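The structure follows.
Rule-based calculations on the coordinates, nothing more; no lab input. Not measured: the values here are computed from a predicted model. All Cβ positions, even for glycine, are placed from backbone atoms using ideal geometry, and neighbour counts span all protein chains on display.
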Amino acid sequence: MPSPTRRIFDPHIHMTSRTTDDYAAMYDAGVRALVEPSFWLGQPRTSPASFYDYFDSLLGWEPFRAAQYGIAHHCTLALNPKEANDPRCLPVLDELPRYLLKDGVVAVGEIGYDAMTPAEDTALAAQLELARTHELPALVHTPHRDKAAGLARTLDVLRESGLPPASVALDHLNETTVGPAADSGCWLGFSIYPDTKMDPDRMVRILRVHGTERVLVNSAADWGRSDPLKTAHVADAMLAAGFDEDDVDQVLWRNPVAFYGRSGRLRLDATAPEAQLFEGNSILRGGE
Ligand SMILES: [Zn+2]
């Protein structure tokens, strides 16, 4: 059982792909707030309108669903790196500015490189500029393949953007990329996955070497093989390794609050809303 005071903020999780059972289990494990970055659906989108319906659901329906389980929901919006390569999706870049004005949006993201193409260069630079002009942080995904080269190129583009490092989180880091990422002054994001990539014990070893400052730990849970309780598993692994409750609170609550708090838009007092309906729909099935 988590301690009664444990509070967890998952700074990167795709709840649209998850169930109400996940929300209930996350609440039981101490999750009280989260950020859902916009990303691709697995299935390629064929028109910009598909993005707008998705963005609207990240600003409306999904926060409503989260609030039913006592969890504060925020989002980051962007044209994701993968779909930046599809010319059909590029008009999204022109619509983004009006979405970035909305209250539930706490950063521009996920942006960054997937295959490091010229189209991705263009979309990344344009969206870093949007973050700068909207005074929002940026959530920057580092590539899963060719990680060291991908990070080096990402850091070059970030320097050119003029966005302060304190407004940037570099996500999906691991042992090979944490050093140069830490030197950049950016926030350090780690996605904890089942079996592959980063796991809780590897995360604890990185915390031992690099400390708890500027570290963000997320589950990145989505429609793929993933686990929305990985943040809680890291908390348990930290305590087992000799970190104390205050260290856990810093990494799993105060750090993400400080990073996304730069937007001025966090709402951390979510309680279940009086209304059981969102635009006439509820999460219940059948009779009242
Ligand atoms: Zn993601």
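Find the Cα radius of gyration of the chain, compare it with 2.2 N^0.38 Å by division, and give the number to two decimals.
Cα-based Rg divided by the globular estimate yields 0.95.
Using the Cα centre of the stretch 55-138 as origin and beta-carbon charges of +1 (Lys, Arg) and -1 (Asp, Glu), tell me which of Gln68, Pro81, Leu128 is placed farthest towards the positive end of the dipole.
Of Gln68, Pro81, Leu128, it is Gln68.
For the chain, what is the charge dipole size about the Cα centre, in debye to the nearest 20, if Lys and Arg each add +1 at the Cβ and Asp and Glu each add -1 at the Cβ?
200 debye
How would Arg45, Arg225 line up from fewest to most surrounding beta-carbon atoms within 10 angstrom?
Arranged by neighbour count, lowest to highest, Arg45, Arg225 become Arg225, Arg45.
Taking the beta-carbon count within 10 Å as an exposure proxy, list Met198, Met26, Met116 from fewest neighbours to most.
Ordered by Cβ neighbours within 10 Å, fewest first: Met116, Met198, Met26.
Would you kindly state how much longer the chain becomes between Ala126 and Asp201 on full extension, computed as 0.36 nm times their sequence separation minus their alpha carbon distance, in nm to one decimal?
23.3 nm
Kindly work out what percent of the DSSP beta bridges joining two residues of the stretch 8-261 are antiparallel, to the nearest 5.
5 percent
Quick one: if the Förster radius is 45 Å, what FRET efficiency do Arg159 and Leu284 give, using the C-beta to C-beta distance and rounding to 0.05?
The calculated FRET efficiency here is 0.35.
What ranking of Phe243, Phe259 emerges when the number of other C-beta atoms within 10 Å of each C-beta is taken as an exposure proxy, fewest first?
Listed from fewest to most nearby Cβ atoms, that is Phe243, Phe259.
Work out the FRET efficiency for Gln276 and Asp236 from their Cβ-Cβ distance, taking R0 = 25 Å, and round it to the nearest 0.05.
Calculated value: 0.15.
Report the net charge of residues surrounding Arg214, where surrounding means a beta-carbon distance below 14 angstrom and charges are Lys +1, Arg +1, Asp -1, Glu -1.
Charge balance near Arg214 sits at -2.
Moving on. If I stretch the segment between Glu135 and Thr176 completely, what's the gain in nm (0.36 nm per residue apart, minus their alpha carbon distance), one decimal?
Computed gain between Glu135 and Thr176 is 11.7 nm.
Let me ask another. Given the DSSP H assignment, sum -39500 (n - 2.57) over each helix run of at least 4 residues in the chain and divide by its residue total; what's the result at 222 nm in deg cm²/dmol, nearest 500?
-11000 deg cm²/dmol
For Thr19 and Asp244 in one chain, what is 0.36 nm times their gap in residues minus the Cα-Cα distance, to one decimal in nm?
Stretched out fully, the Thr19 to Asp244 stretch lengthens by 77.8 nm.
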